[in-house]
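The values are calculated or read from the model by the stated rules, or taken from the named source; none is laboratory data. Everything quoted here is computed from the prediction, not taken from an experiment. Cβ atoms come from the backbone with ideal geometry, glycine included; neighbour counts cover every protein chain shown.
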Amino acid sequence: MDHAFTGIFDPDDGSDRVVGQVLLPSGNDSAHLNYLLLTENAASHGLVHLLEGLIYRAGQWGAKQVVAEIDIDSEHFPLFRQAGFAVLMKERVFRCQKVSNEVVPLRKAWRIWTHEDIHAMRRLYLSVVPALIQPVEPLTRQEMLGLVYVNKVGQLQAYADLVYGPAGAWVLPVVHPQVDVAVSDLLQAMLADLPEVNGRPIYVTARSYQPWIEEAMQQISAEAWPEQACMIRYLTLRQRAEAEFSFSAVENGKPEPTFPVTSIKTNQQE
């Protein structure tokens, strides 16, 4: 089940309280800082103490890291660093409205994905999303079925992860850098093909590891929000695990070794 904790730090020096919430979705290794509530009279040390408390609670749940998003030019940015956060990537969010399919160059270019698309989506994901970011940027958040773009020769060259809520629709597109159409046209078609928006605003997130997304969004009718930093506080230490055996078949890119590992270990013990 999901874990959520709302913390309040009430300083004894007369400064205002600081409130925040951390959330760990079910089956996820990454906890997220959901929100912070603080006034101009809140002391900086209060925010740091609150962040440390939220991090501690996430660690009790078994989270491997805590992720937070904050404006680059925010006065609170240095306080996150004091609490042990580091910048993982940058991003820019664009606020858009659904457009008519009649006015976009690519009509009905996107469709709802199926289970048959997952393998191709994963290949695209592994080629576009850096390995360092993959532990906190899943293939999909599995909130709902998203969209895919498949070109005329059957190659899946883009997909869009979707999360809908009462305040709007959140979209994270993953697009191959050598997609065979103009990225701006492709994203306009995506806005037109989004299902069941029902007049809600659409928020498209452009991560820094896909600069072609931000460049394309700036070419279409979209309101750009200030640049944000996606910050991370690691709660575990990574260690290299040495393999007991080396398998040349695996190291050459083949999906499986050519002999059963379990059976060989069993025979050795006998």
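Condition test on residue 93, is it touching a strand residue (DSSP E or B) at 6+ places or on another chain (Cβ under 6 Å) and closer than 22 Å to residue 226 by Cα? For residue 93, the condition - touching a strand residue (DSSP E or B) at 6+ places or on another chain (Cβ under 6 Å) and closer than 22 Å to residue 226 by Cα - is met.
For the range 122-132, state whether one or more residues are under 14 Å from the mean Cα position of the chain (by Cα), part of a loop (DSSP other than H, G, I, E, B), outside the structural domain of residue 26 (by TED's automatic domain parsing) and surrounded by 15 or more Cβ atoms within 10 Å (Cβ to Cβ). Yes, because at least one residue in the range 122-132 is under 14 Å from the mean Cα position of the chain (by Cα), part of a loop (DSSP other than H, G, I, E, B), outside the structural domain of residue 26 (by TED's automatic domain parsing) and surrounded by 15 or more Cβ atoms within 10 Å (Cβ to Cβ). Note on the range 134-218: enclosed strands (runs of 3 or more DSSP E) holding 3 or more residues that are in contact with a strand residue (DSSP E or B) (Cβ under 6 Å, 6 or more places away or on another chain) and closer than 23 Å to residue 119 by Cα are 147-150, 156-165, 168-175. Would you please name the residue that is nearest to residue 80 (Cα to Cα), looking only at residues in the range 20-55 that are more than 24 Å from the chain's Cα centre (by Cα) and of a type in the set (Val, Ile, Thr)? Per the criteria, the residue is 48. Among the residues of the range 31-59, just one is assigned to a strand (DSSP E or B), surrounded by 18 or more Cβ atoms within 10 Å (Cβ to Cβ) and of a type outside the set (A, V, I, L, M), namely 32.
Listed here are the residues, each with its yes/no results for (1) at pLDDT 95 or above; (2) under 15 Å from residue 96 (Cβ atoms).
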| site | (1), (2) |
| --- | --- |
| 186 | yes, yes |
| 232 | yes, no |
| 238 | no, no |
| 241 | no, no |
| 252 | no, no |
| 256 | no, no |
| 261 | no, no |
| 267 | no, no |
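Within the range 139-151, residues that are farther than 24 Å from residue 30 by Cβ and outside the structural domain of residue 193 (by TED's automatic domain parsing) have Cβ atoms under 8 Å from residues that are surrounded by 15 or more Cβ atoms within 10 Å (Cβ to Cβ) and not hydrophobic (A, V, I, L, M, F, W, C) in no pair, counting only partners at least 6 apart in sequence or on another chain.
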